[in-house]
Each structure stands twice: as C-alpha cells, then as structure tokens.
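Heads up: the structure comes next, in structure tokens.
The values are calculated or read from the model by the stated rules, or taken from the named source; none is laboratory data. Keep in mind it's a predicted model, so treat the numbers as computed, not measured. Cβ sites come from the backbone with ideal geometry, for glycine too, and all protein chains shown count toward neighbours.
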Amino acid sequence: MQLEDPIQLSVLVVDDDPEMRRLFCEIVARRGHVPYAVESAEAGLELLPSVTFEAAFLDHDLPGMEGLLFGEYLRRNNPDMSVALVTGSDDRRLENKTRNLDVQFIAKPFDVVEIMGVLDACIARMVERRVTAAVLADPDHAPPIARFAEHLGAHYDMPNVPTRIEERLAGGIARALRELRSDARYTERERVLALAGLMTAKVLGVRLPKTGEGLSLYAEYDRLMTKHSRRLEFGPEDEA
C-alpha cells in the first residue's frame with residue numbers, strides 16, 4: 001500500500017550554536033520538511049504544546065537541561081518520535097545511554113547523509129504505522145466469527161459427541177471464563193482458551209450450560225470482552 005501524498009515532517013532542532021542551527025534548518029528544509037530551531041531544551045519544551053514533532057535533533061551539551069535528558073523526556077512522552085543526539089562528545093558511555101533509550105547517536109562532525117537517513121527512516125515508520133492502521137480498520141481484518149458462528153455445527157456435522165467430552169469442554173470453558181471475570185487474573189491466554197473452547201462447542205454442536213444469571217456462555221464471553229475492551233465474537237442469536 002502506497003500513500004499518495006508526500007509526508008512533511010515537523011522537525012525540532014536544539015543546538016546552542018547558531019551556525020549549527022542554520023545548517024540543520026537548511027538540511028531539513030531541503031528535504032521538504034519544516035524545521036523549528038531553538039537554542040535550549042527549555043525553549044524546545046515551550047514549543048511542545050503547540051507543535052507536534054515527528055523528529056528531533058538534539059545537541060547534548062546545552063545550557064540548562066542536557067540534550068540526552070531532553071531526549072529521554074521526548075521518547076517517554078512520544079514513543080513514535082524519531083530522536084537523534086548529535087554531539088561532539090567522545091564519551092562512549094553517552095553513546096551506550098542513547099542506545100538504551102532508543103535515541104540515535106550521531107557524532108559531530110557528521111555527514112549530511114546521516115541526518116537525511118534519520119528523516120527518511122522516520123517517514124518509513126510513519127508509512128508503516130498508517131498502513132497498519134488502515135489494515136486494522138478493515139472490519140474483516142480478523143475473521144468475522146459472529147457472522148458465521150451458527151454455520152459451524154452444520155458444516156462439520158459431528159453429532160452424538162460423548163457426554164464426557166461435552167462435560168470436559170464445558171468445564172474448560174467455565175474455568176477460563178472464571179479467570180476472565182477478574183481484573184487481576186485476566187490474561188490473553190485465558191481469553192484464547194475460552195474462545196477456543198466456545199468455537200469447539202460450535203463445531204461439535206455441543207449444548208453448553210448457562211451461567212447462574214441465565215446467560216449463555218457465548219453471551220457471557222462477549223459481556224466479559226466488553227468489560228475488558230476487547231473484540232466481541234458472537235452475536236445476539238447466542239445470547240439465549
């Protein structure tokens with residue numbers, strides 16, 4: 001999937017050297033993006049409420065807050081932002097710290113290609129996120145189980161399932177649903193176990209017992225998924 005419109009980035013540049021700020025602005029603008037250049041992390045913080053930045057280039061030795069500390073703040077509050085520390089420091093520990101924070105380390109003097117590489121990689125990740133969001137927005141991205149659940153039993157046509165199998169299946173589903181009722185014990189594992197059991201019951205044509213409140217186990221599953229903000233899998237015909 002390709003995005004037709006070119007992506008224009010808002011890029012934060014923080015460096016106390018005016019010539020370095022000018023150079024960064026030229027590089028960023030040359031790629032068709034919008035640079036915002038300031039001399040300190042504190043000045044950068046003042047821009048954050050009004051501008052959404054997709055990338056940031058930070059000097060480390062700044063007046064006031066150090067660049068890496070500012071980079072850590074940006075990374076923590078905007079995990080999708082591309083952040084690069086551009087510094088003349090030869091402290092290897094600093095480079096290791098940037099790696100741990102998922103901040104790119106670029107040594108001064110740098111090659112313009114390194115700066116452009118950060119911008120291009122930022123765009124590539126944005127495109128990937130947009131494509132993924134578009135795919136997930138497709139209502140049939142995941143199997144539309146609710147629409148076809150009633151067809152499973154007839155399709156597989158497996159009558160006369162032994163009583164012991166029915167009882168074990170019902171018991172396994174009940175145990176998983178019991179865990180899902182608790183906020184503290186909820187896990188995706190139990191969600192999968194419950195759903196797998198319910199789908200198996202559909203395939204085998206097993207009539208499951210109801211809850212104490214008179215709900216079918218299918219309706220109980222969907223009720224719990226609503227509680228935990230997860231996708232519902234069954235329809236109104238399974239409520240009775």
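Pick out the one residue from G171, G214 that is assigned to a loop (DSSP other than H, G, I, E, B) and modelled with pLDDT of 90 or more.
When all the criteria are applied, what remains is G214.
If S229 passes every condition in (1) surrounded by fewer than 20 Cβ atoms within 10 Å (Cβ to Cβ); (2) under 22 Å from R168 (Cα atoms); (3) hydroxyl-bearing (S, T, Y) but one, which one does it miss?
With (1) surrounded by fewer than 20 Cβ atoms within 10 Å (Cβ to Cβ); (2) under 22 Å from R168 (Cα atoms); (3) hydroxyl-bearing (S, T, Y) applied to S229, the lone miss is (2).
Considering every residue within the range 113-132, establish whether at least one is assigned to a loop (DSSP other than H, G, I, E, B) and either in contact with an Asp or Glu (Cβ under 7 Å, 6 or more places away or on another chain) or at pLDDT below 90 (or both).
no
What do you reckon, is D91 among the charged types (D, E, K, R) and within 23 Å of H33 (Cβ to Cβ)?
So D91 does not fit the description; no.
Quick grid of which residues meet (1) among the aliphatic types (A, V, I, L, M); (2) over 31 Å from the mean Cα position of the chain (by Cα):
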residue	(1), (2)
I27	yes, no
P49	no, no
A55	yes, no
D90	no, yes
N100	no, no
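Just checking, does the range 145-154 include any residue being among the small types (G, A, S), surrounded by fewer than 16 Cβ atoms within 10 Å (Cβ to Cβ), farther than 16 Å from L232 by Cα and free of Cβ contacts under 8 Å to residues at least 24 places away in the same chain?
Yes, because at least one residue in the range 145-154 is among the small types (G, A, S), surrounded by fewer than 16 Cβ atoms within 10 Å (Cβ to Cβ), farther than 16 Å from L232 by Cα and free of Cβ contacts under 8 Å to residues at least 24 places away in the same chain.
When you go through (1) outside any loop (DSSP other than H, G, I, E, B); (2) touching a helix residue (DSSP H, G or I) at 6+ places or on another chain (Cβ under 7 Å) one by one for G71, which number turns out not to apply?
Going through the list (1) outside any loop (DSSP other than H, G, I, E, B); (2) touching a helix residue (DSSP H, G or I) at 6+ places or on another chain (Cβ under 7 Å), G71 breaks only (2).
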